[in-house]
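Take a look at the structure set out below.
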Amino acid sequence: MKVGIELRIDVTKIDKERIYVGQKGKYLTMTTFVDLDNVDQYENNGMITHKNKEGEDRAPILGNSKVFWKDQQSQQSPQQNNQQNGIPPSDRYIGDDSVPF
C-alpha cells in the first residue's frame, strides 16, 4: 500500500549535535512512527523524533506526521492539502536563512 505522509517539525527543537556532515551536505536522521488506523485530536497519525542515540531510552519529539493520502483515495495536490489544513501561505515554506542552524 502506498501512502502520502506530511511531516511537520519544529526546527528549534533539533539538537545541533545530531547534525552530521555527509558527502553532499549536512544531514539529520529522524524517525517517524505512523499508525494508519488511529489519529489523535489534531488528526495526526504519528510523531517524529531524532534517531535514538545508543543508550537513549527516548529521543526528543520534533513534530508530527499526518497521512494525507492512501492509494485507494484520490490524491490532492500539496497546495490543496495546505489550504484545507488552514496553513497560511507564509508558513508553507521558509525560503530564507532563518533556520536556527
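Of note:
- Additional length obtainable on full extension of the chain from Arg18 to Leu36, 0.36 nm per residue less Cα span: 3.6 nm
- Residue-span extension gain [Trp69 to Lys2] - 0.36 nm each, minus C-alpha spacing: 23.3 nm
Each reported figure results from applying straightforward, stated rules to the coordinates on display, with no laboratory input. Just so it is clear, the model here is predicted, and its values are computed rather than measured.
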